[in-house]
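No value in this document is a laboratory result; all are computed from the given coordinates. Everything quoted here is computed from the prediction, not taken from an experiment. Note: ideal-geometry Cβ built from the backbone for every residue, glycine included; neighbour counts use all protein chains shown.
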Amino acid sequence: MTLPENVPVPELRPDTAPSTTAPRDKQPAKDEKLSPDAKPDDQKTDDKKADETAEPLPAPPIEKEDPATYATCKAALAKLGVTFKDVAPIDDGEGCGIDKPIEVTTIGGGVALIPPGTMRCQTAVNLARWTRDVVVPMLKKAQPAEKLAAVDQASAYICRKRNGASTGKISEHARGTAIDIAGFTFQSGKTFTIAPREEEPTLNGAFQRSIAAAACLYFSTVLDPGSDAAHETHLHLDTLKRKGGYRYCW
């Protein structure tokens, strides 16, 4: 039945209006958030099982060298006096490899790389510039009687995960963009070993801290013995490209 238009429709009082809230025993806890994507516990369990049995994501492809950029890089190596040779392309699977690897034996100025290291061209350029512009001058300040004979490296290219873990992302070493510096050998035969020296009040401490800090001008990642337990015996240097040119130096 339709009411005449002049008959007012009574309004419900608040105490008689139908409830729009769930009964007390059905209301969520204060800290519980409901969402349209909420799933029953049995569905969450099924999703977890599916995640555990899902196929792993494919490894990223090996980055190809741009011919023009690569030619410019090799010219820079020659100008720096770096001794190197081309080696066969590396593809060790799982994203490990280098499109145009080189094996470096000296890094300019008569300074040897011991043992010779396999890496990408740009990694070698950055290493040579850092050694020439930072390590050699800082050594002259810290130990005037010594001259640099060799950079002792602990790891260049190697196919592995970050920090040697069994899972996770592959290391920059597996892309040829990283090198670990274990120490230096001087022409006198004396050596300098990278070790924890964050607060060491000596010229050796100042030397290590200065070359590590300045390395961030040449590499996008610098991890020294103060960063974590995995880097207590070397400086990790790599050229990983990040958004906005961000650098991680620790």
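FRET efficiency for the TYR246 to TYR70 pair, using the beta carbon distance and R₀ = 22 Å, is estimated at 0.30. Sorting 212-225, 185-198 by their mean Cβ neighbour count within 10 Å, with the most densely packed peptide first, gives 212-225, 185-198.
Highest mean packing first, where packing is the average number of other Cβ atoms within 10 Å per residue, the peptides 121-129, 105-113 line up as 121-129, 105-113. Measure up LYS74/LYS140; LYS64/LYS100; LYS161/LYS243 against 18 Å on the Cα-Cα distance and list the ones that go over. Check vs 18 Å cut-off fails for LYS74/LYS140; LYS161/LYS243. Scalar couplings 3J(HN,Hα) for segment 234-245, obtained by applying the Karplus form with A = 6.51, B = -1.76, C = 1.60 to θ = phi - 60°, are 6, 9, 8, 10, 8, 10, 4, 8, 10, 4, x, x Hz; x denotes Gly and Pro. Computed from phi, the 3J(HN,Hα) profile of segment 203-213 under the Karplus parametrisation 6.51, -1.76, 1.60 (θ = phi - 60°) reads 5, 4, x, 5, 4, 5, 5, 5, 6, 5, 5 Hz, with x in place of Gly and Pro.
Under Stokes-Einstein, with the Kirkwood radius over Cα pairs as Rh, the value for segment 139-250 at 10 °C and 1.306 mPa s is 107 µm²/s. Gain on full extension, evaluated as 0.36 nm per residue between ASP228 and ALA195 minus their Cα-Cα distance, stands at 10.7 nm. Annotation: amide H-H contacts under 5 Å for CYS249 (H modelled 1.01 Å from N, sequence separation of 5 or more, or interchain): VAL222. When the charge dipole of segment 67-249 is built from unit charges on Cβ atoms (+1 for Lys and Arg, -1 for Asp and Glu) and taken about the Cα centre, the candidate among PRO89, GLN153, ILE114 whose Cα reaches farthest toward its positive end is PRO89. Relative to one another, the C-alpha centroids of segment 183-237 and segment 97-112 are positioned 21 Å apart.
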